[in-house]
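J.: One structure follows; several queries about it will come next.
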Amino acid sequence: MPELPDLAYVESVLRPALVGRRIASARIGDPTVLRVMIADPFPAALAGRAFTDVARRGHFMRFALDGELVLVINAMLVGRYRLVPPAQETPKKDPRALALAVALDGGGELHYLDDKRMGKIYVARAADEATIPIYGQLGLDVLSPAFTREAFGRAIARRRDQARMFLMDKSALASIGNAYADEILFAARIHPKTFCNKLAPAEIDALHAAIGDVLRHAIEEIARRREPVEVKVRDFLKVRGRDGKPCPRCGTTIRAVRVGDGDACFCPACQPSGRKLFVDFGNLPRPAGAAQPPSPLRRK
């Protein structure tokens with residue numbers, strides 16, 4: 001899915017492009033992803049309304065319109081946004097992935113596209129948006145001033161699940177996906193299958209710091225590239241998608257291991273397991289010339 005750093009960039013591009021602009025018309029491509037929570041006819045209900053705000057909330061994008069209407073989008077796995085300039089706004093045929101197109105007064109369009117039809121577009125009154133599934137139950141925003149070490153400590157204190165599962169729990173932390181969960185655990189030198197209640201205080205410190213450091217670095221790097229908003233920039237990641245390749249820190253082969261419903265990429269030397277696992281990559285021979293990783297933090 002577009003993850004938090006991707007959406008921070010989307011927000012920075014779409015807000016100045018849309019706020020204050022009025023909607024001339026809208027059309028539906030594939031209605032599968034639509035969740036219309038208003039009685040007014042849709043998409044005609046959008047016509048004539050102006051964008052008053054564009055903001056990321058967790059892994060959702062929120063588009064506020066005058067008249068107290070909101071579009072809240074959960075892009076899920078492959079959903080993406082596209083700004084279409086006026087010269088290209090009337091193609092012969094809409095792309096098959098198009099779910100919703102919003103034509104702007106004065107020219108240009110905003111498209112939401114979803115090849116897998118897994119995303120969701122919620123159309124709601126602002127007064128009802130807290131009832132949107134998951135969106136209304138988001139946890140601590142990891143980029144907000146409220147994300148202090150103390151608040152993070154309270155969130156993790158009673159967790160009995162694995163560290164990667166905790167990081168990806170949207171009701172605890174808003175919001176970390178597969179790619180950056182791997183990057184954060186690598187930065188903190190914590191194995192993805194480590195149980196939260198086995199983490200030492202110093203490891204919790206490291207995990208809290210890694211969340212902010214990794215996400216802010218990614219936001220800065222994506223902004224620096226200045227790609228179109230529909231382009232997912234991931235080539236700078238250190239472990240995600242790099243299983244079978246050498247660790248950039250020590251040279252050990254990066255591995256992938258099943259955690260929950262997905263695979264986690266990690267370095268078995270930099271992120272050693274503190275317990276016996278079915279497959280212990282740490283016992284495999286190290287590549288010739290691989291650097292010796294520093295000793296992990298000791299767990300109680």
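The values are calculated or read from the model by the stated rules, or taken from the named source; none is laboratory data. All figures in this text were calculated on a predicted structure; none of them were measured in a lab. Counting neighbours? That spans all protein chains shown, and the Cβs are built from the backbone with ideal geometry, glycine included. Surface areas here come from the heavy atoms of the whole protein model, side chains and all, with no ligands, DNA or RNA. Shrake-Rupley method; radii C 1.70, N 1.55, O 1.52, S 1.80 Å.
J.: In the chain, which helices (entire DSSP H runs) extend 18 Å or more along their own long axis, judged by Cα positions, while averaging at least -1.0 on the Kyte-Doolittle scale?
T.: Correct list, ordered by number: 4-18, 201-225.
J.: With the crude spin-label approximation of a point 7 Å out along Cα→Cβ, what separation in nm comes out for D53 versus D40?
T.: With each label placed 7 Å out from Cα toward Cβ, I get 1.8 nm.
J.: Give the accessible area for T52 in Å² (nearest 10); use a 1.4 Å probe, count only protein heavy atoms, and leave out ligands, DNA and RNA.
T.: Spelled out: T52, probe radius 1.4 Å, area about 80 Å².
J.: If I compute solvent accessible area with a 1.4 Å probe over the protein chains, what percent of it on the stretch 1-94 is carbon and sulfur?
T.: Carbon-and-sulfur percentage of accessible area, whole number: 55.
J.: If the only charges are +1 at each Lys and Arg Cβ and -1 at each Asp and Glu Cβ, what is the size of the charge dipole of the chain around the Cα centre, to the nearest 20 debye?
T.: So the magnitude is around 1180 debye.
J.: Let me ask something else. Please express the shape of the stretch 213-277 as an equivalent ellipsoid: the semi-axes are the square roots of 5 times the eigenvalues of the C-alpha gyration tensor, given largest first in whole angstrom.
T.: Over the Cα atoms of the stretch 213-277, the semi-axes work out to 27, 14, 11 Å.
J.: A further question on this structure: Check which residues have an amide H placed less than 5 Å from T194's amide H, if you skip close sequence neighbours.
T.: So T194 has HN proximity to A163, R164.
J.: How large is the charge dipole for the stretch 51-173, taken about the Cα centre, if only the Cβ atoms of Lys, Arg (+1) and Asp, Glu (-1) carry charge, to the nearest 20 debye?
T.: It works out to roughly 740 debye.
J.: Which whole-percent values make up P(r) of the chain when all C-alpha to C-alpha distances are grouped in 10 Å steps starting at zero?
T.: With 10 Å bins starting at 0, P(r) equals 6, 26, 30, 20, 12, 5, 0.
J.: Principal axis lengths of the stretch 87-155 from Cα atoms, whole Å, largest first?
T.: 55, 27, 24
J.: Can I ask one more? Given q = 0.11, 0.22, 0.24 Å⁻¹, what are the Debye log10 I(q)/I(0) values for the stretch 1-86, with equal point scatterers placed on the Cα positions and solvent ignored?
T.: Reported log10 I(q)/I(0), two decimals: -0.30, -1.29, -1.47.
J.: Considering only P31, L65, C270, whose Cα is most displaced toward the positive end of the charge dipole of the chain, charges sitting on Cβ of Lys, Arg (+1) and Asp, Glu (-1)?
T.: C270
J.: Obtain the nm distance between the two label points defined at I134 and F236 by a simple spin-label model: each point lies 7 Å from its Cα along the Cα-to-C-beta direction.
T.: 2.6 nm
J.: At q = 0.10 Å⁻¹, what is the base-10 log of I(q)/I(0) for the stretch 88-224 according to the Debye formula with one equal point scatterer per Cα and no solvent? Please give it to two decimals.
T.: Reported log10 I(q)/I(0), two decimals: -0.49.
J.: OK, next. Got a sec? What order do S171, S273 fall in by accessible area at 1.4 Å, biggest, i.e. largest, first?
T.: S171, S273
J.: Once fully extended, how much extra length lies between D263 and A127, figured as 0.36 nm per residue of separation less the alpha-carbon to alpha-carbon distance?
T.: Extra length available between D263 and A127 comes to 45.1 nm.
J.: Cα-Cα over 27 Å: which of K116/K198; K93/K120; K120/K198; K170/K245; K198/K232; K120/K245?
T.: The answer is K116/K198; K120/K198; K170/K245; K198/K232; K120/K245.
J.: Let me ask something else about it. Can you give the direction-averaged projected area of the convex hull of the alpha-carbon atoms in the stretch 9-140, in nm²?
T.: With every direction weighted equally, the projected area is 7.8 nm².
J.: A further question on this structure: What accessible area per residue, rounded to a whole number of Å², is obtained for the stretch 1-147 using a probe radius of 1.4 Å?
T.: 43 Å²
J.: Here's another thing I want to ask about it. Calculate, axis by axis, the spread of Cα positions in the stretch 185-238 along the three principal axes, and write the results as whole Å, longest axis first.
T.: On the principal axes, the stretch 185-238 reaches 42, 18, 15 Å in Cα extent.
J.: Based on Cβ point charges of +1 for Lys and Arg and -1 for Asp and Glu, what charge dipole magnitude is obtained for the stretch 117-234 about its Cα centre, in debye rounded to the nearest 20?
T.: Result for the stretch 117-234 is approximately 300 debye, rounded to the nearest 20.
J.: What does the accessible area of K245 come to, in Å² to the nearest 10, when a probe of 1.4 Å is used?
T.: 100 Å²
J.: Take every DSSP beta bridge whose two residues both sit in the stretch 45-174, then give the antiparallel share in percent to the nearest 5.
T.: Percent antiparallel among DSSP bridges in the stretch 45-174 is about 95.
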